[in-house]
Each structure stands twice: as structure tokens, then as C-alpha cells.
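Computed from the coordinates by the stated procedures, all read-outs in this text should not be read as laboratory data. Since the model is a prediction, treat every value here as computed from it, not as a measurement. Positions of Cβ are generated from backbone atoms using ideal geometry, with glycine treated the same way; all protein chains shown enter the neighbour counts.
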Amino acid sequence: MTRPVCLVTGVGPGTGSAICRRFEAGGYDVAMLARDEDRLQSLNEELPGGHPYVCDVSSENAVKETVARVTKDLGAPEVVIHNAVRGTRGTVLEVSPRDLQRNFEVNVLGLLYLTQAMAPTMVENGKGAIIITGNTAARRGKDFFAAFAPTKAAQRILAESMARDLGPKGVHVAFIMIDAVIDVPWTREAFAGQPDDFYIKPSAIADEAWHLAHQDKSSWAFEVEIRPFGENW
């Protein structure tokens, strides 16, 4: 039998890799997209159902070419998870306009390129899921996220427009609002001394992405907030 296909962007050592593991364990062939070929090869050795594709999602041509290769190699993806993210810290007086532009290209245009490349086939088939990993920057512009929060807010609004258009056509669009520090090596170093319960596990985020991708049509969620039980919100 042909295995269903899941395409994941932003495959790094944390959330992206965890999502790939979860869907591969669930019986999917997983197209793993990232700009770092070495990182992809390492994960590829671990996952028999993982398939590495080097791709910069900020490039429309790169996305089109990669989606065409994935479709030829594995088949049309039934699930797309846009986890790629670019963020820079700084206040409005510190950041450069290029910072904002580059963040927008990955976070927002990347989502648009992916959707335009794959949603038509999903609509034609009458099924599919497009899931975006977001965070609370989509709702609040903290002073040090002047070049990041606007792009995540735009990403969330684009996702909502997608959900309103594609949902009635059989394609589930969902936005995961992550209100937490994700448990990866660099955050452990940055937040040294915090207990384990302070962090959100990448595997838990992956479980939520799996849940959303397989929700019954009668109860589709658009926006889901997840946070550690002790998070102050």
C-alpha cells in the first residue's frame, strides 16, 4: 500500500525533528525540508520513512521545485506543516528594515508559497491539512520583537484567511499557538536553572500537530494554544 505523505519545513533539532518522528511513526513518508543538509542527513539516517530535501522556503522557485520533486518521489503530500521560522531580536530603533523583510519572507511568504503549491491538489482530492506552528508573538508586539512579531501576526492572519477559504473545500488549516520555551539545547543554556517543567517538549508539540492533522471534520480546530501547566499567562 502507498503510504500517505507529510511535508515538514524547518526541520531542526527541536520541533521540526519531533514532528518528522511522530508522523513517520504514524505510517507516513515524511518529506523533511531545511536549509542545512547535514542536519537533514543525520535525521534521515534515523528515520526509514524520512526523505531529506534542501530548500529555502523564502524562495518561491525553490518551494515550487521542491514540491515537484516530493510529489514525483513520494506522491502529493496530504499534510503540510510549516514549522520554518526566522526571528531576530531588537527594538524598533535597533532593527533594520531588512530584518523585518527577511523574517516576513520565511514566516509569511514561505507559507503562501507552500499553500499555492500544494493546496490545489488537496482541494481536488477533497482532503488535506496545512498546520502552522506559531507563538504568542502573533498576538503581542513585545519591545524586543519589533522585526519578528509583525511577521508572526501576519502569518496567523494569513492562516485564518486560508482556513476560511480552504476549509469548506475539504482542507483543514490550523495554527498552533505555542506559549512556552521549547526544550532544545540552546534554550536550556539560555534559561539555565529552570526546572524541567518550565519547558514544552518538542514531542508534545508534535503530538498536537498529529492530533490536528487527524481531527474529525465535524470538529476542526483553527487555533489551538498549548503551554506548560505552570506557564504564567
**Message:** So if I take the centroid of the Cα atoms in the stretch 189-216 and the same for the stretch 107-148, what is the distance between those two points in Å?
**Reply:** 19 Å
**Item:** Modelled FRET efficiency - R0 22 Å, residue 64 with residue 101, Cβ distances, 0.05 increments
**Value:** 0.60
**Prompt:** How big is the Cα convex hull of the chain in projection, averaged over all directions, in nm²?
**Reply:** 13.0 nm²
**Request:** Give the cross-link partners of residue 217 among the aspartates and glutamates, using a straight C-alpha distance below 19 Å as the criterion and excluding same-chain residues fewer than 8 apart.
**Result:** 78, 124, 160, 165, 207, 208
**Fill in**
Projecting the Cα atoms of 80, 115, 31 onto the charge dipole of the chain, where Lys and Arg contribute +1 and Asp and Glu -1 at Cβ, the residue farthest towards the positive end is 115
**Kirkwood-type radius of the stretch 1-86, with distances r between different C-alpha atoms, in Å** = 12.4 Å
**Prompt:** For helix 60-73, what angle does its Cα long axis make with the longest principal axis of the chain, in degrees from 0 to 90 and rounded to 10?
**Reply:** 40 degrees
**Complete:** Distance in nm between residue 179 and residue 196 label points, each 7 Å along Cα→Cβ, equals 2.5 nm
**Prompt:** Which lysines, on any chain, are close to residue 152 with Cα under 20 Å apart, when same-chain ones fewer than 8 places away are left out?
**Reply:** 142
**Message:** Can you show me the helix-derived [θ] at 222 nm for the chain, built from DSSP H runs with n ≥ 4 at -39,500 (n - 2.57) apiece and divided by the number of residues, rounded to the nearest 500.
**Reply:** -12500 deg cm²/dmol
**Fill in**
Looks like the stretch 79-140, by Cα gyration tensor root eigenvalues a ≥ b ≥ c and the a/c under 1.5 rounded cutoff (else prolate when a/b is bigger than b/c, oblate otherwise), is prolate
**Request:** Could you check which residue among 154, 117, 192 shows the biggest mean-square fluctuation in a GNM of the chain with a 10 Å Cα cutoff?
**Result:** 192
**Fill in**
Taking Cα atoms only, helix 15-25 is inclined relative to the longest principal axis of the chain by an angle, in degrees rounded to 10, of 30 degrees
**Prompt:** Taking H as built 1.01 Å from N, whose amide H comes closer than 5 Å to the amide H of residue 26, not counting residues under 5 places away?
**Reply:** none
**Prompt:** Looking at the stretch 152-197, which chymotrypsin sites (Phe, Trp or Tyr not before Pro) are DSSP coil and have at most 13 other C-beta atoms within 10 Å of their C-beta?
**Reply:** 191
**Message:** In the stretch 167-186, whose amide N lies under 14 Å from the spot 7 Å out along Cα-to-Cβ of residue 219? List them in ranges.
**Reply:** none
**Prompt:** Under a 5 Å amide H to amide H cut-off, with H placed in plane at 1.01 Å, what residues pair with residue 81 once short-range neighbours are removed?
**Reply:** 7, 8, 9, 131
**Item:** lysines whose Cα lies under 23 Å from that of residue 72, excluding same-chain neighbours fewer than 8 positions away
**Value:** 64, 127
**Message:** Residue by residue through the stretch 128-135, what is 3J(HN,Hα) from phi via Karplus (6.51 cos²θ - 1.76 cosθ + 1.60, θ = phi - 60°)? Round to whole Hz and write x for glycine and proline.
**Reply:** x, 9, 10, 10, 10, 8, x, 7
